[in-house]
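Structure record follows, encoded as structure tokens.
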Amino acid sequence: MRDYLLDIVSHTHDLGTIDLIKITGDANQTIIDGIASNKTVVVKGAFTVPSAELTGTFGMPNLNNLKTLLNLEAYKEDSSITLTTITADGQTVPTGLHFENKDADFKNDYRFMVKDVVDNQLKSVQFKGTTWGVEFNPTIASTQRLKMMASTNNTEVSFQTKLDGDRLMVYFGDHSTHAGEFVFQTGVSGTLNKTLSWPTEVVIKILDLAGDKTMRISDSGIAEITVNSGLIEYSYLIPALSK
């Protein structure tokens, strides 16, 4: 349980704009849904192996509090994290998590959000699919170059992408002021006819996450970065910005 919770927090809350997610689970799948408060990214995750405990639909609010609990020294070794439940209409419904240290003299409870409330606060964004123009596996070196370019153009909140032959180019700013450009990825096959703008901080934070990554970009104005942590595969949908 602890490993999954840490994985969820690091791949949602640690982006800096998500503090509520929805869990939907049954015997066949365990799904995570979340959306940034500023609508810059939508995340969906699927457990590699469905959780037998996290069944039903409920919200996990105040992820910052959950992160604090998971990292308390009292709960790092020989402690227990157990699911609390109630029975409603003949069904077992998860209500929260109970944290207890090894001596059972230090305890905390983290409460879930009921289905109706989380459904109201976190309306699912239905992605109807698109035709991806390019697909590639971003490298650590490319991420580092993006960080370097962002640091030298720190007044810019976004960057642009354009396909030049088989090279995916990244541009910051414009030549009327300060500007920068670099090759983000080589050997890219496919077609992109548009120069699109993306939120710099969000993209960097996603590319910094632990796990194997695939990036896709569509001329329809959407990018997707998938991150497989080994426990959960996350899909981050990023709408292009108006520039």
Subject >> Qualifying trypsin sites (Lys or Arg not before Pro) in region 97-141, DSSP loop, other Cβ atoms within 10 Å at most 13 >> reply: Lys102, Lys123, Lys128
Subject >> Ranked Met60, Met1, Met149, criterion: other C-beta atoms within 10 Å, fewest first >> reply: Met1, Met149, Met60
Original post:
Of the residues Asp174, Asp33, Asp119, which exhibits the maximal mean-square fluctuation in a Gaussian network model of the chain defined by a 10 Å Cα contact cut-off?
Top reply: Asp174
**OP:** Could you list, in their original order, any pairs among Lys76/Lys213; Lys39/Lys128; Lys22/Lys205 whose Cα atoms are separated by more than 23 Å?
**Re:** Lys76/Lys213
Subject >> Reach of Lys102 by Cα under 13 Å, taken over aspartates and glutamates that are not fewer than 8 positions away in the same chain >> reply: Glu73, Glu77, Asp78
Subject >> Tilt relative to the chain, helix 2-11 - C-alpha long axis, 0 to 90 degrees, to 10 >> reply: 30 degrees
Subject >> Loop sites in region 67-103: GluC sites (Glu not before Pro), DSSP, at most 11 other Cβ within 10 Å >> reply: Glu77
Subject >> Within the chain, helix-based [θ] at 222 nm, where runs of 4 or more DSSP H residues each add -39,500 (n - 2.57), nearest 500 >> reply: -5500 deg cm²/dmol
Subject >> Spatial extent of region 2-121: Rg and Dmax, with the Cα atoms as the point set, Å >> reply: 14.3, 44
Subject >> trypsin sites (Lys or Arg not before Pro) restricted to region 14-74 and DSSP loop, no more than 14 other C-beta within 10 Å >> reply: Lys39
**OP:** Could you bin all the Cα-Cα distances of region 56-132 into 5 Å bins starting at 0 and give me the percent of pairs in each, rounded to whole numbers?
**Re:** 3, 13, 19, 18, 14, 12, 9, 6, 3, 1, 1, 0
Subject >> Cα-derived Rg over Rh, computed across region 134-239 with Rh taken as Kirkwood radius >> reply: 0.95
Subject >> Overall form of the chain per C-alpha gyration tensor (a/c, 1.5; a/b vs b/c) >> reply: prolate
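All of the numbers you see were taken from the coordinates with simple rules; none came from a lab. All values derive from a computational prediction rather than experimental measurement. As a convention, Cβ positions derive from the backbone with ideal geometry for all residues, glycine included, and neighbour counts pool all protein chains shown.
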